[in-house]
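Student: Attaching a single structure in structure tokens format; questions to follow.
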Amino acid sequence: MKIILNNREEEFEKDTITVSEMLDLKMFTFRMRIIKINGELIPKDKYSTAIIHDGDNIQMFYLMSGG
Amino acid sequence: MIFTLDSYQMKLSEIENHLGKFKVGIAGAGGLGSNCAVALARSGIGTLVIADFDKVEPANLTRQYYFRNQIGMMKADALRDNIHSIRPELNVLIHKVRLDRANIPSVFAGCNVIVEAFDRSDMKEMLIETVQGRMPQVPLIVGSGMAGWGNNELLNFRHIDESLYVCGDEVSEASDELPPLAPRVGIVANMQANTVLEILMKFQ
């Protein structure tokens, strides 16, 4: 399947993956982040159950302490 | 946003009259919140809702909009005083509370835009999840990544969608070895204020 991740196309072998699987496959290890799938915010406790489908638009950004 | 000739054809008094109709929430009155609030006050935002539970400390003066004679005051009180020194007519509503998932919707009820101005990343996450979950129609402007100095070219703006915007470099985390300093904190705080104006100038 193909998805858009931060405005860039990404391809995965499976038909669907969870948010946790995507983070593992992309080796995104920094924990403080915000993820939206098609505009819907996915809370951290839903990462292992939220499903990413073909064509989904994923927006992700990191949260850095400081302010 | 593309500047057209039309977007410049508005006098300052007309801009102030327009911005005076709106209410903006500021979550945290530290480096981001104090500088952002002052920029919004100078621009003529009608009502600012400021939430902070901290006191002004000497170390805050390196980057936050407070003065030596305000050390020991509640930041919310001190910031209201400073805003009123600039624009006495502005409405400043202060909440001296620690924001959490339960009180955020009531503290910022009626706000047209909310500015995330916390220090800790776990608090930023909590606020974003709460506002996006409970108040999804209210645009939220997040600051992420502003520690250190230099690297102007990394300070970035991202329009995630109509309800979420991010200002900052998204990489430099504040620590003892990489402290937040006035210039970059001020730039990001003013990018957040600038985003508030961009959103509100489109509102009717």
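Student: Among the residues of region B:156-196, write down those that are open to solvent by 20 Å² or more (accessible area, probe 1.4 Å), farther than 20 Å from B:I128 by Cα and touching a residue at least 12 places away in the same chain (Cβ under 8 Å).
Tutor: Within region B:156-196, B:S175, B:L178, B:P179, B:P180, B:L181, B:A182, B:P183, B:I187 qualify.
Student: Restricted to region A:1-47, and to residues that are outside any strand (DSSP E or B) and β-branched (V, I, T), which residue is nearest to B:H159 (Cα to Cα)?
Tutor: If we take residues in region A:1-47 being outside any strand (DSSP E or B) and β-branched (V, I, T), then A:I42 is nearest to B:H159 (Cα to Cα).
Student: Inspect all residues belonging to region B:184-191 and state whether any of them is assigned to a strand (DSSP E or B) and touching a helix residue (DSSP H, G or I) at 6+ places or on another chain (Cβ under 6 Å).
Tutor: no
Student: Write out, first by first residue and then by second, each pair whose Cβ atoms fall under 6 Å of each other, whose residues are 6+ apart or on separate chains, and whose first residue, in region B:138-149, is open to solvent by 10 Å² or more (accessible area, probe 1.4 Å) while the second is basic (K, R) and not in a loop (DSSP other than H, G, I, E, B).
Tutor: As it stands, the answer is none, since no pair meets every condition given.
Student: Could you tell me which numbered condition B:R120 fails, if it satisfies all but one of (1) more than 10 Å from chain A (Cβ to nearest Cβ); (2) open to solvent by 50 Å² or more (accessible area, probe 1.4 Å); (3) not acidic (D, E)?
Tutor: (1)
Student: If you don't mind, there's one more thing I want to ask. Which of (1) facing chain A (nearest Cβ under 7 Å); (2) among the basic types (K, R); (3) closer than 26 Å to B:M74 by Cβ is the odd one out, the single condition B:R158 does not satisfy?
Tutor: Here B:R158 clears every test but (3).
Student: So which helices (runs of 4 or more DSSP H) stay within region B:5-96 end to end and still have 3 or more residues that are under 27 Å from B:D176 (Cα atoms)?
Tutor: B:31-43, B:75-86
Student: Further question on the same structure: With the checklist (1) small (G, A, S); (2) within 18 Å of B:M201 (Cα to Cα); (3) out of contact with any helix residue (DSSP H, G or I) (no Cβ under 7 Å at 6 or more places or on another chain) in hand, flag the one item B:A59 doesn't pass.
Tutor: So the condition that B:A59 fails would be (2).
Student: Another question about this same structure. Got a number for residues in region B:83-105 being open to solvent by 50 Å² or more (accessible area, probe 1.4 Å) and within 26 Å of B:Q204 (Cβ to Cβ)?
Tutor: Within region B:83-105, residues that are open to solvent by 50 Å² or more (accessible area, probe 1.4 Å) and within 26 Å of B:Q204 (Cβ to Cβ) number 3.
Student: Let me ask you something else. Could you identify the single residue in A:G55, A:G67 that is over 12 Å from the mean Cα position of the chain (by Cα), at the interface with chain B (Cβ under 10 Å from one of its Cβ atoms) and of a type outside the set (V, I, T)? Let's see the steps before the verdict.
Tutor: Numbers: A:G55 fails: at the interface with chain B (Cβ under 10 Å from one of its Cβ atoms).
When all the criteria are applied, what remains is A:G67.
Student: Then there's this: In region B:7-53, which residues are loosely packed, with under 15 Cβ neighbours inside 10 Å and among the hydrophobic types (A, V, I, L, M, F, W, C)?
Tutor: B:M10, B:L12, B:F53
Student: Restricting to region B:132-142, give me the number of residues that are facing chain A (nearest Cβ under 10 Å) and more than 11 Å from B:A27 (Cα to Cα).
Tutor: Of the residues in region B:132-142, 3 are facing chain A (nearest Cβ under 10 Å) and more than 11 Å from B:A27 (Cα to Cα).
The values are calculated or read from the model by the stated rules, or taken from the named source; none is laboratory data. Just so you know, these numbers come straight off a predicted model, no measurement behind them. Neighbour counts are summed over all protein chains in view; Cβ atoms, including those assigned to glycine, are modelled from backbone coordinates with ideal geometry. Heads up: the accessible areas ignore ligands, DNA and RNA and are worked out on the full protein's heavy atoms, side chains in. Shrake-Rupley method; radii C 1.70, N 1.55, O 1.52, S 1.80 Å.
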